[in-house]
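The values are calculated or read from the model by the stated rules, or taken from the named source; none is laboratory data. The structure displayed is predicted, hence computed values, not measured ones. Cβ coordinates were reconstructed from backbone atoms using ideal geometry, including for glycine residues, and neighbour counts include every protein chain displayed. Ligands, DNA and RNA are excluded from the accessible area calculation, which covers all protein heavy atoms including side chains. Shrake-Rupley method; radii C 1.70, N 1.55, O 1.52, S 1.80 Å.
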Amino acid sequence: MFPRPFDYARPDSVDEALAALAANPGARPLAGGQSLVPMMSLGLAAPDLLVDLARLPLAGSDGGGGTVRLGALTRHRELERSAELAAWAPLASEAARFIGNPRVRNRGTLGGSLSHADPASELGTVALAYGGRAVITGAGGERTVDFDEFFHGFFETAVGEGELLTAVELDVPGAGSGHGFHEVAGRADDFATAAASAVLTLDGSGAACADARLALAGVGDRPLRVEAGEAICRGAAIDAPLLDRLSAAVADAVSPEDDAFISADYRRRVAGACAARAVESAWARAREAA
Ligand SMILES: Cc1cc2nc3c(=O)[nH]c(=O)nc-3n(C[C@H](O)[C@H](O)[C@H](O)COP(=O)(O)OP(=O)(O)OC[C@H]3O[C@@H](n4cnc5c(N)ncnc54)[C@H](O)[C@@H]3O)c2cc1C
């Protein structure tokens with residue numbers, strides 16, 4: 001199919017972009033176009049006006065001091081390839097490698113991925129596992145929304161009509177912490193059957209886990225945290241029996257649906273295995289860093 005005809009604007013500032021969105025209720029922001037353009041081609045989206053964000057000054061990033069701030073236009077490729085971003089937010093770097101294929105990663109953006117809110121989004125699990133805030137800008141100025149409140153449901157987020165996600169703040173823990181990511185997909189550039197991000201922080205002794213954050217993709221109507229899995233890790237040393245328990249608890253806690261290719265039961269079991277492997281990696285890295 002071909003997209004319905006649409007107008008196109010390429011503003012130079014966030015204010016101009018917001019004005020263009022406010023003036024036309026049928027307008028949609030365009031970032032990397034890797035989700036919006038296919039949706040338009042399939043007739044699933046029919047905006048009257050595309051407001052291209054490419055010229056907005058939203059590509060910079062800043063790290064250190066525990067909070068990493070990434071501009072919404074940070075491309076998947078930069079997360080994957082930049083040594084600086086990999087040092088600041090290594091989980092984001094590791095997860096970005098699993099997104100689609102090189103063409104998608106060259107164009108797709110962090111802000112576009114989080115705003116689109118695909119339930120299988122790798123970067124959604126990164127935002128939830130680190131924790132942090134979405135910086136959202138609208139006519140009334142800037143507001144922040146904790147990532148635990150950001151994903152509202154199937155392709156729905158806290159970003160309202162006429163607003164832009166302008167930056168992402170990730171709370172990356174320092175020494176004595178570690179991250180892990182694991183994904184299973186049918187083919188290398190398919191969306192995840194299931195994927196898991198884990199961030200563990202050790203207690204003062206370095207022998208047990210003081211805090212755990214575990215997030216999954218592909219198993220619900222949005223990227224989601226799995227508190228049943230986090231609770232098993234807190235206060236414990238991670239070993240093989242614990243990982244078996246964790247895998248079973250995560251599989252029980254999620255409620256994916258059957259689709260044409262993958263049964264809900266298989267997806268649940270894959271989710272449990274991904275969670276266990278992500279936690280195992282996070283534990284090993286935290287112990288190395290302690
Ligand atoms: C073949 C293929 C494979 C893919 N595989 C994966 C995968 O494995 N995992 C994965 O997570 N994704 C995958 N994607 C999607 C990809 O990650 C997209 O880059 C991402 O979903 C959207 O980012 P974008 O910058 O391209 O946004 P766009 O497509 O431009 O926009 C997506 C949506 O977000 C809105 N939007 C964009 N930016 C903003 C903003 N700053 N503020 C408010 N709203 C905004 C748009 O209006 C639109 O509704 C795949 C895409 C393709 C084509």
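Structure summary
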{"read-out": "Cα-centre dipole for the chain with unit charges at Cβ (Lys and Arg positive, Asp and Glu negative), debye to 20", "value": "640"}
{"read-out": "Accessible area of V172 in the full protein assembly, 1.4 Å probe (Å², nearest 10)", "value": "30"}
{"read-out": "Helix-only mean residue ellipticity at 222 nm for the chain, each DSSP H run of n ≥ 4 adding -39500 (n - 2.57), per residue, nearest 500", "value": "-10500 deg cm²/dmol"}
{"read-out": "Dipole of the stretch 66-170, positive end: most advanced residue of G140, P119, T74 [Cβ charges, Cα centre]", "value": "T74"}
{"read-out": "Computed log₁₀ I(q)/I(0) - Debye formula, equal Cα scatterers, no solvent, the stretch 185-290, q 0.17 Å⁻¹", "value": "-0.72"}
{"read-out": "GNM top mover of R277, R187, R222 - the chain, alpha-carbon springs below 10 Å", "value": "R187"}
{"read-out": "Debye log10 I(q)/I(0) for the stretch 245-290, one point scatterer per Cα, at q = 0.14, 0.17, 0.19, 0.21 Å⁻¹", "value": "-0.40, -0.53, -0.60, -0.67"}
{"read-out": "Along the chain, longest interval not containing exposed chymotrypsin sites (Phe, Trp or Tyr not before Pro), exposed being DSSP loop plus at most 11 other Cβ atoms within 10 Å", "value": "1-153"}
{"read-out": "DSSP-assigned coil residues among GluC sites (Glu not before Pro) in the stretch 232-290, each with at most 12 further Cβ atoms within 10 Å", "value": "E257"}
{"read-out": "Overall form of the stretch 3-64 per C-alpha gyration tensor (a/c, 1.5; a/b vs b/c)", "value": "oblate"}
{"read-out": "Global form of the stretch 113-169, assessed from the alpha-carbon gyration tensor, a/c cut-off 1.5", "value": "oblate"}
{"read-out": "Rg ratio (alpha-carbon, reference 2.2 N^0.38 Å) - the chain", "value": "1.00"}
{"read-out": "Length-normalised contact order for the chain - Cα pairs under 8 Å, 6+ apart - percent", "value": "16"}
{"read-out": "Karplus 3J(HN,Hα) series, Hz, for the stretch 241-256 with 6.51 cos²θ - 1.76 cosθ + 1.60 (x for Gly, Pro)", "value": "x, 5, 5, 5, 5, 4, 4, 5, 5, 5, 4, 6, 7, 9, 10, x"}
